[in-house]
Amino acid sequence: MSDGADIKPWRAVALTLFPEMFPGTLGQSLAGQALEDGLWSMDTVDIRSFATDKHRTVDDTPFGGGVGMVMRPDIVDRAVCDAKAGSAGDLPLIYMTPRGRPLTQARVRELAEGPGVAVLCGRYEGVDQRVLDAHGAEEVSVGDYVLSGGELAALIMIDACVRLIPGVMGSDLSHAEESFEEGLLEYPLYTRPQDWEGRTVPDILLSGHHAKIRAWRHEQAEAITRERRPDMWEAYEAAKRDEN
Ligand code: ADE
């Protein structure tokens, strides 16, 4: 049995109150084609199906007071156990929350190299902490802003992973993430027409001097990183100091 049929594709399992949001945009373009081709799979677990009362309640008011509602640990636990008993048994459980550690390209690469992800998507104010602790969920944020639920955040994280699965991007695997892993933002890009409404392309890019072009792009990447991302710039400079 070595015809490839026994190789499991990368798997995403979303635990959510809105299963119809998946695969969403990931059903389109290269990720969508790869999904169709079986290079990865997308399953959902409907958290509401684990509610037991006649109103199918999944949330309750926060102990200690405060605004909004909190997703109940007993119901979320049943959804997580169901996922683990099914296709998510060997997958890391990730809870999308603005309180999480920021998602990085390095973490995305690790996740993409593993068997897949089980992603818990919160709604309302979030999920009771005890069920996250009980299952050792990794809390991940996609940025310092608050979305109306974890589903879009999950789609962002899954997208970042899927594009790294061998075969998904074809030969299009871009330099962008290498650039990120070098610790710099990407340099600016130009294509035809060479003169667009009086705006021209930097001469150096037309020169054919590959070494000079490389140097120019590196300078641009440094300048943009210094200006836009002082945090990345500091880390980049510190890493360079350590090299020397
Ligand atoms: N849920 C709501 N906002 C979020 C964010 N910024 N990152 C991850 N999950 C979220």
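The values are calculated or read from the model by the stated rules, or taken from the named source; none is laboratory data. All values derive from a computational prediction rather than experimental measurement. Cβ: placed from backbone, ideal geometry, glycine included. Neighbour counts: every protein chain shown. Heads up: the accessible areas ignore ligands, DNA and RNA and are worked out on the full protein's heavy atoms, side chains in. Shrake-Rupley method; radii C 1.70, N 1.55, O 1.52, S 1.80 Å.
Brief remarks follow.
- Whole-Hz ³J(HN,Hα) from phi, Karplus 6.51 cos²θ - 1.76 cosθ + 1.60, for segment 30-41, glycine and proline x: 5, 5, x, 5, 5, 5, 4, 7, x, 6, 8, 9
- Using a probe of 1.4 Å on the protein chains alone, the accessible area found for Tyr124 is around 110 Å².
- Dipole moment magnitude, nearest 20 debye, segment 178-243 about Cα centre, only Lys, Arg, Asp, Glu C-beta charged: 280
- Dipole magnitude of segment 10-162 about its Cα centre (Cβ charges: Lys, Arg +1; Asp, Glu -1), debye to nearest 20: 160
- Listed residue (Ala51, Ala235, Gly68) projecting farthest to the positive dipole end of the chain, Cβ model: Gly68
- Sparse packing (at most 16 other Cβ atoms within 10 Å of the Cβ) combined with a DSSP loop state is found for the following chymotrypsin sites (Phe, Trp or Tyr not before Pro) in segment 149-223: Tyr190.
- Note that segment 50-172 presents 52 Å² accessible area per residue, ligands and nucleic acids not counted, probe 1.4 Å.
- Segment 10-162: antiparallel DSSP beta bridges as a percent of all, rounded to 5: 10
- From its DSSP helices (H runs of at least four residues, each -39,500 (n - 2.57)), the chain gives a residue-normalised ellipticity at 222 nm of -11000 deg cm²/dmol.
- Solvent-accessible area, 1.4 Å probe, carbon plus sulfur percent, for the chain: 51
- Across Ser29, Ser207, Ser171, mean-square fluctuation computed from a Gaussian network of the chain (C-alpha pairs under 10 Å connected) peaks at Ser207.
- For Met42, residues with placed amide H under 5 Å, excluding near neighbours: Ala12
- Once backbone amide H atoms are built at 1.01 Å from N, Asp59 has Arg72 as its partners under 5 Å, excluding neighbours fewer than 5 places away on the same chain.
- Computed over the chain, the range of Cα coordinates on each principal axis works out to 71, 53, 44 Å, biggest value leading.
- Under 14 Å, Cβ to Cβ, from Gly66 - net charge with Lys/Arg +1 and Asp/Glu -1: -4
- Surrounding net charge for Ala14, when Lys and Arg each add one and Asp and Glu each subtract one, Cβ distance under 12 Å: -3
- His218 contributes about 70 Å² of solvent-accessible surface, heavy atoms of the protein only, 1.4 Å probe.
- Cross-link partners of Lys212 among lysines, defined as those whose alpha carbon lies under 25 angstrom from its own and excluding same-chain residues fewer than eight positions apart: Lys240.
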